[in-house]
Number of protein chains: 2
Amino acid sequence: MRERKIPLNLNCGLDLIGEVLYGKWKMRLLWFISQGHKRPSELQRKIPDASRRVLNVQLKELEEHELICKTIYPVVPPKVEYELTDFGRTLVPVIGALGMWGDEHEGRLRRVIGGTGRAI
Amino acid sequence: MRERKIPLNLNCGLDLIGEVLYGKWKMRLLWFISQGHKRPSELQRKIPDASRRVLNVQLKELEEHELICKTIYPVVPPKVEYELTDFGRTLVPVIGALGMWGDEHEGRLRRVIGGTGRAI
DNA sequence: CAGTATCCGAAGGGATACTG
DNA sequence: CAGTATCCCTTCGGATACTG
């Protein structure tokens, strides 16, 4: 699921969901936000392998796709919070299903993927 | 979900599923195969926007991840069929959930994505 | 019909350094 | 703490032409 800004030949629901989920960290961002981790620094800690820049890019795309909304509090130091929109909340069960499938088949997946990995 | 052959820092089920689903056409390939479209030429017709080369690449990755298996019939002209493995079949309900979500929210998705799209 | 080789442009994403 | 600007490298995926 990547942002193809250009050609867009949407065929079915799988295309459409692909358009909003494609991006290396988007599913996890949505998941962590749904779990109540709202602050950018929190998300950064949850996903240390992502660069801060890319996290911001993908958060902005999720926002443009109306899956999350962003609140900026005019305080010092700056404070920002993300939340799922109602629309975004409808996606949580689907993300959950994806994650559960991954968890249930962790052993086999690690084998076929070939990585060592590490627990969160 | 992209093939990151190199670093692999798997955190949770979402990472793991990402590893096997990342690829522009993989979800649809799995879906169409689950629907009984087994031949490469069939899949190509179903996904005309994908190049033949990339379809083969992604099919091979799905095979390496043991989600599908490939049968080559020693006949002329060549005949090839793909099928889901038992493992791959466990993924079908999840793919279905993704597609259903996309279908249910088609209108809104098309608006936020900004594409015109076309039906399959 | 099925598959591969080569070439290439375009995104994606990381590192770093910087501002408010 | 949050965000942006550059720079750069890698990968993805499309086009084309070719072989069995």
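Read the figures in this text as sums done on the coordinates, not as results from a lab. Worth saying up front: this structure is predicted, and the values here are computed from it rather than measured. Using ideal geometry, Cβ is built from the backbone for each residue, glycine included, and neighbour counts are taken over all protein chains shown.
Quick notes on this structure:
- Counting from the shortest, the label point at A:Pro74, 7 Å from Cα toward Cβ, is 7.9 nm from the same position in each remaining copy.
- Prolate/oblate/rounded call for chain A, Cα gyration tensor, a/c under 1.5 rounded: oblate
- Shortest first, A:Gln35 label-point distances to identical copies amount to 3.5 nm, with the label point at 7 Å from Cα along Cα→Cβ.
- Whole-number percent relative contact order across the range B:13-113, with pairs defined as alpha carbons under 8 Å at least 6 apart: 26
- For chain B, the mean residue ellipticity at 222 nm estimated from helices alone is -16500 deg cm²/dmol, where every DSSP H run of n ≥ 4 contributes -39500 (n - 2.57) and the total is divided by all residues, rounded to the nearest 500.
- Alpha-carbon Debye profile of the protein assembly as shown, log10 I(q)/I(0) at 0.10, 0.16, 0.18 Å⁻¹: -0.48, -1.19, -1.46
- Residue of chain A whose Cβ sits closest to the axis mapping A onto B, with distance in whole Å: A:Ala97, 3
- Theoretical FRET efficiency, 1/(1+(r/R0)^6), r = Cβ-Cβ of B:Arg39 and A:Glu42, R0 51 Å, to 0.05: 0.60
- Note on A:Arg111 and B:Glu83: their simple-model spin labels are 2.1 nm apart, each label 7 Å out from Cα toward Cβ.
- Applying 0.36 nm per residue to the separation of B:Asp103 and B:Thr90 and subtracting their alpha-carbon distance, the gain on full extension is 2.6 nm.
- Protection proxy ranking of A:37-48, B:22-33 - average other beta-carbon atoms within 10 Å, highest first: B:22-33, A:37-48
- Cα coordinate range in the range B:39-87, projected on the principal axes (Å, largest first): 28, 27, 15
- Projected label points at B:Val54 and A:Arg53, each 7 Å from Cα along the beta carbon direction, are separated by 2.5 nanometres.
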